[in-house]
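Structure first, commentary second.
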C-alpha cells in the first residue's frame with residue numbers, strides 16, 4: 001500500500017482536555033508512580049505501535065495502557081453525575097522468570113514474578129488526586145515471545161472517580177450592583193424639612209435613599225401636597241417627581257421632610273467589601 005501524503009506540512013496540534021482529571025493525566029501519574037518505586041527496568045506508556053516495539057532494556061520493562069472504564073447509575077436527578085471506574089493495564093516484559101531451569105531462584109537477575117509483585121505493591125493503595133485508591137483486579141500470563149526471549153504478563157488495576165456533565169454558562173446578565181436596604185425602622189433617621197426645587201424634568205433627588213416617610217409642603221403657606229396626586233415618590237432611590245395634573249407648579253420650590261434608613265451597596269469587582277451605608 002502506498003504511503004499517505006499530506007497536502008501540506010503538519011507539525012501536530014495541542015489538545016486541551018475538557019476536564020482537569022482526564023485519562024492522559026491519570027495514566028501519566030501512574031507511570032510516574034511506577035518510575036519512582038521501581039528502578040532497574042524501563043517504565044513507560046504503552047507504545048503507539050506495539051507491533052514495532054522491541055524491548056531493548058537488558059532486564060525488562062513495564063508499559064502502562066488505559067484499558068477502558070465502566071460507569072455506574074445516575075447519582076443526581078438534576079445533572080449527569082456517575083461513578084466512573086477506570087482500568088489501567090501494566091504489561092510486564094522480562095527476559096526470565098527469576099530462576100534457572102530446574103533450579104531455585106537465580107537471584108542474579110530480577111524475574112517476571114518479582115516485577116509483578118513490585119508493580120502490585122507500587123500501585124495498590126496509590127491515590128491519584130481526584131480519585132479513590134487504586135486496587136488490583138487481575139494478573140495473567142499473556143505469552144512468551146520466542147523470538148525476543150521475553151516473558152509477557154499483564155496486571156490490571158482500577159480506580160474510581162466521579163464523572164460529571166460539563167457545566168455551561170447560563171445566558172443571564174452578570175450582577176453589576178446589589179443593594180441591601182434596612183427595613184423595619186431599626187436605623188431610621190428623620191430629616192427636618194428643607195427647601196428643594198424641581199429640575200426641568202420635574203424631579204427632586206433627595207440626598208439619602210431608602211426613604212420611608214415623606215412630607216412635601218408649600219413653603220409659602222404650609223399647604224401639604226398629596227402623594228399620587230401632586231407628586232410620586234421612588235422610595236428606593238429617593239426621587240420625588242412632580243405630576244402635571246397636580247397643584248405643584250413647574251420648577252416650583254417645595255419643603256420636604258423625610259425619614260430614611262441604611263442602604264449597603266455592593267458593586268461587582270469593586271473590592272473585597274461592600275460600600276459604607278448611605279447615611
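The values are calculated or read from the model by the stated rules, or taken from the named source; none is laboratory data. Treat the numbers as computed from the prediction; the structure is a model and nothing was measured. So basically every Cβ, Gly included, is an ideal-geometry build from the backbone, and we count neighbours across all protein chains shown.
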Item to complete: Might you let me know whether the stretch 223-231 holds any residue that is under 53 Å from the mean Cα position of the chain (by Cα), at pLDDT 95 or above, assigned to a strand (DSSP E or B) and surrounded by fewer than 13 Cβ atoms within 10 Å (Cβ to Cβ)?
Response: no
Worksheet, complete the sentence: Expected output for the stretch 130-150 (first residue assigned by TED's automatic domain parsing to the domain that holds residue 62, partner surrounded by fewer than 11 Cβ atoms within 10 Å (Cβ to Cβ), Cβ below 6 Å, 6+ apart or cross-chain) is 133/125
Worksheet, complete the sentence: Across the stretch 177-218, the tally of residues that are surrounded by 10 or more Cβ atoms within 10 Å (Cβ to Cβ) and assigned to a loop (DSSP other than H, G, I, E, B) stands at 14
Discussion item. Residues to consider are 253, 275; find the one that is surrounded by 13 or more Cβ atoms within 10 Å (Cβ to Cβ) and either in contact with a helix residue (DSSP H, G or I) (Cβ under 9 Å, 6 or more places away or on another chain) or modelled with pLDDT of 90 or more (or both).
Written reply: 253
Worksheet item: Pick from the stretch 127-156 the residues that are surrounded by 13 or more Cβ atoms within 10 Å (Cβ to Cβ), closer than 23 Å to residue 57 by Cβ and at pLDDT 95 or above: which of them is farthest from the chain's Cα centre (by Cα)?
Response: 153
Worksheet item: Which condition does residue 174 not pass, out of (1) more than 30 Å from residue 20 (Cβ to Cβ); (2) under 42 Å from the mean Cα position of the chain (by Cα); (3) modelled with pLDDT under 90, if it passes all the others?
Response: (1)
